[in-house]
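Okay, structure first, notes after.
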């Protein structure tokens, strides 16, 4: 590591940008275009049209989620998402529900750590109505005190369900320890105490701070006429959503802390373990190489039928030595950081071997990544990325998320160019930066009495030379 | 204490002891507001129509669809309704499970690594009267992926090891199947008794040992004929698909379309005690006869299912999931003990069932069954309201069209319709048929359904409170 300072950063970006787009087949170049319009006040409207379609998805993507909250109002973004469906000054809860159901549409919402999303799936002719309804529930939610009180129990009940889902629970624990003391370490639902005590004022305040024109994207896919969409959005949102820009809400920077959180229940039958290194932000030059690494490490499930016949070396070893019931590699990106790691479900007596093979396969990427596995992973990654765009709701989601994270939508040609540009040396370089001799964060739940301690795993984040 | 250098957990190593990592510089820039590559012009492709070609009796049907992925599938007119106990019971399910195993030309691990390298995936699914194998791949690699799919279908090796694995998996599936799956599996046996549609689909435990390689090869000889198969796809030029599969399936012979006996709805019961189920709930389904895929009342039957709707008492999701459907308003919102109540249809080429499936604590099973039967009886007497009929029509139209946005669903829809009808109905035609459904249609279907005894299927830790078939077999709705 000492030689780091001596290296001169020869930027070789030119070679990538020079890659000729002519080498791509026509379907890559002639993919449907994403139209983007910024309205007065900063509200962005982005859409992709599928000709001949009779249905569309329209969504509002807001650059706000649980990480922008404070310890006092943690849970507000999610609470607000619930309240949006409880009536406006124009519609009661029941009127809203009946209206959507009668028109054969769907209305839903979700909150993540960095984004809040409301979307509607409707017929072509109902797109203007969908925009009107989305505007109504977002900008004119009644936030009735009695309804807020009723909703507390619903959210606490949802919390029980979330906590039953070990995968979600372990990712909460992982964020809590990896980003301890910062906004990104808080949960989306917030602590029970906040769910019981958040007031109408807290929610109102959250809207005023975050639901601003410059932090919102209206995204559409399917049977959409971009011009008409812009007009309707202008009519519905234009004068009602506060234009921003004056004071940007300060985001608490994420600070990664190498640490672990262990919740031991020796009587459970399966241990859940997530091991992660600090990853890259959405826009980092390492974002795509990390996706390739994620694909190389892969995922495996005992019930998937592939058995030991899996391309991933980690998968082969886990299958061969029966180290786990399942594992998956994750690569979560945020505005200024990320989490790259593996989540495994395993029997208690295999945990030490599992961690040995897991770390050794991750560090192997630094030194021994092969050309063959990089080539295979690149093709797989392209397929996975395209596969996710099946259906208007998925496309609208992709547009909204990219507009918020990248500020634009990457063309398929750019995605292919970025993936094609990655070679084995890039993967090794990325692994060297993010894994080699780095602190890790770990969360574990269940019968974890035999899970190695922090130093055992930390020691295995690099190899020795003999 | 081990003195191995590798276990020196106490102190971190000196940097000079560590294997030096490579440089951390990479060749691409961060993602900024300016695009990395510029494209002269992007043109949105226009919508295409489904095209069909017959290659010496083999139907190939596909539609072009914008995007970088291709879906191709093959549907075979085969299923558990053709099986005979003691002869080939379980062969359809076994063939599905053996699909990705060794073939004459590739080992199973070859198949998986080649598919990965092509950005492709292959999946197989058997049912009572159709067997489907599909592949999705990057558009450029459709040919390679399709070749592997065809190899899996035509040239399985059925080695002893693979057959052993398959039998083990069948045992495992049998033990892992939950109440929801068993209730559905049992319903067909209850409804169609000993006739072909009443055959079990999941191989019964006592028949698993009989699964062998000859049975699998026999399956191929019997069902894989040009007349009994349909190839289809979405996201591919038709001419390219025709050319590809023409070559790949050249060896498939012409032949008769296999037949089986007539399926007759009898009504009956299925009961399975499941002592240690996870949630302690008993699952009950009632079912009635409806027409097949070829029945004139198919569309109104599906509208009726949507109108009844329902779901789980704690299901997630916002408006649009059917929260104002009958079963939500009249069952889930009123009966605190109803944990689930959802209308279903199971429709095949020679018969079908419509019904309601749900769950409750065991001592409320009788109430749940009675409520379900009452819901049907009511449909035979009281016309549905204009509002709920219109809501159901919009909802089913929305669901169909939203589903068909997906390339995979579109491909499968084309293939299954070609296999079932020999032609494909455009979604707009289906939507027109939905428009024409009247409240009289709904009542007629309900009355026809209730003109024969109901079927009942129940799975749970305690079935004491589930009515016996003899107790409900006399029930009939109002008649015309």
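Descriptive notes on the structure:
- Qualifying residue in segment A:417-433 (condition: out of contact with any helix residue (DSSP H, G or I) (no Cβ under 8 Å at 6 or more places or on another chain) and at pLDDT 95 or above): yes
- Taken together, the residues in segment B:307-319 that are buried (at least 23 other Cβ atoms within 10 Å of the Cβ) and under 22 Å from the mean Cα position of the chain (by Cα) amount to 4.
- Qualifying residue in segment B:9-23 (condition: more than 14 Å from chain A (Cβ to nearest Cβ), buried (at least 17 other Cβ atoms within 10 Å of the Cβ) and modelled with pLDDT of 90 or more): no
- Single unsatisfied condition, residue A:456 versus (1) assigned to a helix (DSSP H, G or I); (2) at pLDDT 95 or above; (3) under 21 Å from the mean Cα position of the chain (by Cα): (3)
- Only listed residue being at the interface with chain B (Cβ under 9 Å from one of its Cβ atoms), assigned to a loop (DSSP other than H, G, I, E, B) and crowded, with 19+ Cβ neighbours inside 10 Å, chosen from A:324, A:311: A:311
- Looking across segment A:448-459, just one residue is more than 23 Å from residue A:270 (Cβ to Cβ) and touching a residue at least 40 places away in the same chain (Cβ under 8 Å), and that is A:458.
- Residue check, residue B:175 under 22 Å from the mean Cα position of the chain (by Cα), assigned by TED's automatic domain parsing to the domain that holds residue B:233 and at pLDDT below 95: yes
- Segment B:128-144, residues that are away from chain A (no Cβ under 12 Å) and surrounded by fewer than 24 Cβ atoms within 10 Å (Cβ to Cβ): B:130, B:132, B:133, B:134, B:143
- Test for residue B:106: is it within 14 Å of another protein chain (Cβ to nearest Cβ), under 22 Å from residue B:250 (Cα atoms) and surrounded by fewer than 22 Cβ atoms within 10 Å (Cβ to Cβ): yes
- Any hit, segment A:348-366, residues being part of a loop (DSSP other than H, G, I, E, B) and in contact with a helix residue (DSSP H, G or I) (Cβ under 9 Å, 6 or more places away or on another chain): no
- Screening residue A:213 with (1) over 30 Å from residue B:401 (Cβ atoms); (2) within 25 Å of the chain's Cα centre (by Cα); (3) modelled with pLDDT of 95 or more gives one miss only, at (3).
- Residue A:390, sole failed condition from (1) at pLDDT 95 or above; (2) within 7 Å of another protein chain (Cβ to nearest Cβ): (1)
- Index of the failed condition, residue B:85 passing every other in (1) at pLDDT below 90; (2) farther than 29 Å from residue B:424 by Cβ; (3) more than 30 Å from the chain's Cα centre (by Cα): (3)
- Qualifying residue in segment A:330-339 (condition: without any contact (Cβ under 8 Å) to a residue 60 or more places away in the chain, crowded, with 19+ Cβ neighbours inside 10 Å and assigned to a loop (DSSP other than H, G, I, E, B)): no
- For segment B:110-136, the set of residues classified as more than 18 Å from residue B:61 (Cα to Cα) and assigned to a strand (DSSP E or B) consists of B:121, B:122, B:123, B:124, B:125, B:126, listed by residue number.
- Filtered by the rule that a residue be more than 30 Å from the chain's Cα centre (by Cα) and closer than 19 Å to residue B:366 by Cβ, segment B:431-467 gives B:464, B:465.
- So residue B:471, is it at pLDDT below 95, over 30 Å from residue B:69 (Cα atoms) and outside any loop (DSSP other than H, G, I, E, B): yes
- Residues of segment A:104-128 that turn out to be out of contact with any strand residue (DSSP E or B) (no Cβ under 7 Å at 6 or more places or on another chain) and within 14 Å of another protein chain (Cβ to nearest Cβ), as a count: 3
Condition check ((1) surrounded by fewer than 13 Cβ atoms within 10 Å (Cβ to Cβ); (2) modelled with pLDDT under 90; (3) more than 13 Å from chain A (Cβ to nearest Cβ)) across all residues:
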| site | (1), (2), (3) |
| --- | --- |
| B:25 | no, no, no |
| B:30 | no, no, no |
| B:38 | yes, yes, no |
| B:50 | no, no, no |
| B:60 | no, no, yes |
| B:95 | no, no, yes |
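- Single residue of segment B:401-434 satisfying the filter (in a loop (DSSP other than H, G, I, E, B) and more than 14 Å from chain A (Cβ to nearest Cβ)) that is nearest to residue A:124 (Cα to Cα): B:425
- Flag for residue A:404 being part of a helix (DSSP H, G or I), in contact with a strand residue (DSSP E or B) (Cβ under 6 Å, 6 or more places away or on another chain) and more than 12 Å from chain B (Cβ to nearest Cβ): yes
- Residues satisfying the stated conditions in segment A:432-453, i.e. outside any loop (DSSP other than H, G, I, E, B) and more than 9 Å from chain B (Cβ to nearest Cβ): A:440, A:441, A:442, A:443, A:444, A:445, A:446
- Matching entry among A:389, A:410 (being over 18 Å from residue A:284 (Cα atoms) and assigned by TED's automatic domain parsing to the domain that holds residue A:280): A:389
- Residues satisfying the stated conditions in segment B:331-345, i.e. crowded, with 19+ Cβ neighbours inside 10 Å and assigned to a strand (DSSP E or B): B:340, B:341, B:342, B:343
- At least 2 residues being within 23 Å of residue A:399 (Cα to Cα) and at pLDDT 85 or above is the threshold, and among the helices (runs of 4 or more DSSP H) wholly inside segment A:1-120 those reaching it are A:76-83.
- Among the candidates A:303, A:283, A:295, the residue that is in a helix (DSSP H, G or I), touching a residue at least 24 places away in the same chain (Cβ under 8 Å) and within 12 Å of chain B (Cβ to nearest Cβ) is uniquely A:295.
- Some residue of segment B:362-381 being surrounded by fewer than 21 Cβ atoms within 10 Å (Cβ to Cβ) and either assigned to a loop (DSSP other than H, G, I, E, B) or outside the structural domain of residue B:302 (by TED's automatic domain parsing) (or both): no
- Cβ-Cβ under 9 Å pairs, at least 6 apart or on other chains, segment B:332-353 side closer than 17 Å to residue B:302 by Cα and not assigned by TED's automatic domain parsing to the domain that holds residue B:279, far side modelled with pLDDT under 95 and in a strand (DSSP E or B): none
- Odd one out for residue A:429, checked against (1) more than 7 Å from every other protein chain (Cβ to nearest Cβ); (2) under 30 Å from residue A:356 (Cβ atoms): (1)
- The set of residues in segment B:266-298 that are exposed (fewer than 15 other Cβ atoms within 10 Å of the Cβ) and closer than 24 Å to residue B:194 by Cβ comprises B:273, B:294.
The values are calculated or read from the model by the stated rules, or taken from the named source; none is laboratory data. Quantities reported herein were computed from a predicted structural model and do not represent experimental measurements. Using ideal geometry, Cβ is built from the backbone for each residue, glycine included, and neighbour counts are taken over all protein chains shown.
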